[in-house]
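Everything on this sheet refers to the single structure shown next.
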Amino acid sequence: MFSLISVFWFLKISFIFCHLSDPKCFWRIKDTKKNLGDTETYCFFSISTKRGYVKNDYFSWNLDKQVTPKTNHLIFSVYLALDEINMNIHILPNISLVVNIECLRQKYDEKTGLALQTEEFIPNYYCTDERRYLIIFTAPVWAVTTRLGTLMFMYSIPELYCGHFHLSLSDNEQFPHLYQLSPKDTSLPLAMVSLMVHFRWNWIGAIVTNDDHGIQFLSELRGEMQKHIVCLSFEITILTEHSMARKEFQRYFNRIVMSSAKVVIVYGDYTSTIDLVLHLCKSKGIFRIWVSVSQFDMITNLGDFMLYSSSGTFIFSHQKPEISGFQQFIQTVHPSNYSSEFSFAKLWWTYFRCSLPPSNCKKLKNCPTKIVFKWLFMTPLGMAMSDTCYNLYNAIYAVAHSLHEMLLQQIDTWSNNAGKELEFDTWKMFSILKTLQFVNPAGDLVNMNQNLKQNTNYDIFYIMDFQKDYGFKMKIGRFSGHLPSHQQLYMSKEMVEWATDVDQILPSICSMPCRPGLRKSPEEGKDICCFVCNPCHENEISNMTNMDQCVKCQEDQYANEDHTLCLQKVVSILDYRDPLGKALAGIALCFSVLTSGILCIFLKHRETPIVKANNQTLSYVLLISLVFCFICSLLYIGHPTTVICILQPITFAIAFTVATSTILAKTITVLLAFKITIPGRRMRWLLLSGVPKYIVLICTMIQLILCGIWLGTSPPFVDADVYMVHGHIIIVCNKGSVIAFYCVLGYMGSVALASFTVAFLARNLPDTFNEAKLLTFSMLVFCSVWITFIPVYHSTKGKTMVAVEVFSILASSAGLLLCIFAPKCYIILLRPQTNSFHKFRKTHSKAENIS
């Protein structure tokens, strides 16, 4: 138990330490009284050396200058680094670094808060104490650095630019004396596009400055967007000249307003006219989700964020640790102005640990003010450094390490010149500095070699207004360019859901996503991000959003109604377990038994006139064939096999051919019998020779030959039809040769038609037991059933089609049975007195007397 408790406390302490070393939240106060905001003054930090230790009192004289609070922020970071180095006996022992600071001042428009002009400034490096400066730090405006570059080169003093990286300053031929400390944003386009992909934004705008720096970024951004299928709704390149840019403001504004893009990337020089466009959007009430870099993370002179948006702003900033002693140092140097948390919050972002939000607040905007302020002051940690401050801080350490390296290389020379003024080779120091690597007091590895800074890591912040006078900034993710592509972007789901409203606003897209079941179809003449959604074709699905093509289901599967899922098809056959199968089978068996019963009745009363009339042998053959007709319908019910598929048409064809040819023979028998009774006719030998029986045999033999040809060429076989009925696999007997099938069926129909014709001709022949009328009516029913069968059969599908075929067999067979034999059975069973030779002779003699 003790060991478990120890492990628990160790993990808890480690967890707290991780959050202390990596703060996630920041807050600040918008100081609107001074109308300065985060205005930065361009400054020169001239570094020189002095023997012995220089105390903090030395720094106080520079603080009397009238500079903006943000400029004081820069100066404090330099002082902190100098104080740490001068007190460190392991770096430049008995040597102190000192700094001389000269800053420019700007004038601002009282209404708009925008910069109007800058003082003319010519630095003087020797008039104060004739001290030789080793290096000059400049920050934060790059444009001033380019204008003063020639002057720097004349003084033969190297310059280290500590502001945000700018492409123009990387020209070694134009600026051989200048070096940039901030890394190039090589990974920034990919990082921003990764954020767009994460939030599923594919329709965005871009605003950049019209210089080499902005144009190159825009080109790299287009390349990454093309790879990740993100499209530009509009792109605005802001002219750098104020006079020309002001004429284009309305055009810029109209493009932003007319675009449906809700997310806009902003990149370039924040001191250019780009801030005028942003101010115009804010004044007109046009708000977008802005995505930019840390140099735009500033409060204007009017007391609002430069990238103000009701939906919040996303800022990419170079990853850097927070200097834990920065706030305490400022209080030590200038305790009168910075004595409370509020005074620091007016100067810059103050960070605190926010690993867990207040328990009763699911959304930051819904939190009561008292709870939020209690939460803010619960664990205050310190004041954050801006990117420029951190660069200045590292620049001081870079100079110190470079001088220390030179000191170690020439230790004998320094020992012999003890007591004399220090003289360092500035250009040698500058050469060492550009390839230097060291670890600063915050534990961050600082690499001064620009060629090795290829994959920069970024922290992703979300900035929003809290009430009116407070700003809130949260670290919601990070981007690491050196990791594999699927691991480069990390977003804290909890922080995004709690702090942002991204999930509550409409996505920045050109077209609404195609839901599952639909596919994208590009619109002609528009970007790939603009498309229409069309439904998938039959038996195709799309189970994800925005699919380019639908996926076809396998043959044994089918698409559901929404075309989002492939379902297994149901095997469909006319089975004995189905109600319809049971009913048809029952009818077939009943009629088979009934036919057999009639046959028994005829055999029992075979000596009666009604049975002997019209050739009783043919009657027996007809009844037996009808039994087979009824039984053959059972072959169509149940799961078919190869044998059953062969037996189905053969049995059907032969049984019905025998039945119809038998009826033909019976009608010919009636016709011949009548012809014999006419005087002068000698056709008795036709009846005695059994010609009608040969008709049955010949007709059946012809059908057998046709069936044999059918089986020999292309016999029927078991087939699974997956397309006939949607969602079903129909197990059917494929006819094989369709021509052979229709030949067999046509032959049977021709025999039936011949039977009907002959029976129709003999219907009015006078005879007591003449069944010509019965045969005529039965063949009429038979032909009507099969003529109706053909269109109905071809209009049905699946097991219904088989049921139609079975019903036609039963109906036609039942028609023959009932029409021919029902009247005879009625006489045999219910009126036996009329079924006798005595009655027959009496009736016949009455007929002769009348004649």
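The values are calculated or read from the model by the stated rules, or taken from the named source; none is laboratory data. On a predicted model such as this, the values are computed, not experimentally measured, just so you know. Quick reminder, even Gly has a Cβ in these numbers, built from the backbone with ideal geometry, and neighbours come from all protein chains shown. Surface accessibility is based on the protein's heavy atoms, side chains included, excluding ligands, DNA and RNA. Shrake-Rupley method; radii C 1.70, N 1.55, O 1.52, S 1.80 Å.
Listed values, structure above:
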{"item": "Using θ = phi - 60° and Karplus 6.51 cos²θ - 1.76 cosθ + 1.60, couplings along the range 196-204 (whole Hz; Gly, Pro as x)", "result": "4, 5, 4, 8, 6, 9, 10, 9, 10"}
{"item": "Cα gyration tensor, the range 213-309 - rounded (a/c under 1.5), prolate or oblate", "result": "rounded"}
{"item": "Sequence ranges 473-485, 619-631, ranked by mean other-Cβ count within 10 angstrom, highest first", "result": "619-631, 473-485"}
{"item": "In sequence order, calculated HN-Hα J values of the range 251-266 (Karplus, 6.51, -1.76, 1.60; Hz; x Gly/Pro)", "result": "5, 4, 4, 4, 5, 5, 5, 6, 7, 8, 5, 9, 10, 10, 8, 10"}
{"item": "Nearest-0.05 FRET efficiency for VAL570 and GLU538, computed from C-beta distance (R0 25 Å)", "result": "0.90"}
{"item": "Neighbour net charge for LEU567 - beta-carbon separation under 12 angstrom, K R +1, D E -1", "result": "-2"}
{"item": "Charge sum, other residues only, whose C-beta stays under 15 Å from MET801's C-beta, Lys/Arg counted +1 and Asp/Glu -1", "result": "-2"}
{"item": "Environment charge at VAL725 (Cβ cut-off 10 Å; Lys +1, Arg +1, Asp -1, Glu -1)", "result": "+2"}
{"item": "Cα-Cα pairs of the range 700-753 separated by more than 14 Å (percent)", "result": "60 percent"}
{"item": "Kirkwood Rh in Å, taken over the range 132-270 so that all alpha-carbon pairs contribute", "result": "16.9 Å"}
{"item": "Rounded, prolate or oblate (a/c below 1.5 giving rounded, otherwise prolate when a/b exceeds b/c) for the range 502-632 by Cα gyration tensor", "result": "prolate"}
{"item": "Links that overshoot a 22 Å alpha carbon limit, given the list LYS434/LYS473; LYS30/LYS473; LYS612/LYS666", "result": "LYS434/LYS473"}
{"item": "For VAL532, residues with placed amide H under 5 Å, excluding near neighbours", "result": "SER521, GLU523"}
{"item": "Cβ crowding within 10 Å averaged over residues, with 817-825, 641-649 ranked highest first", "result": "817-825, 641-649"}
{"item": "Heavy-atom surface of the range 423-468, accessible at 1.4 Å and reported per residue (Å²)", "result": "48 Å²"}
{"item": "Peptides 280-289, 38-47 ordered by average Cβ neighbours within 10 Å, highest first", "result": "38-47, 280-289"}
{"item": "Quotient of Cα Rg and 2.2 N^0.38 Å for the range 729-811, N being how many residues it contains", "result": "1.38"}
{"item": "J(HN,Hα) series, the range 231-241, from Karplus relation 6.51 cos²θ - 1.76 cosθ + 1.60, nearest Hz, glycine and proline x", "result": "10, 8, 6, 7, 9, 10, 9, 6, 5, 7, 7"}
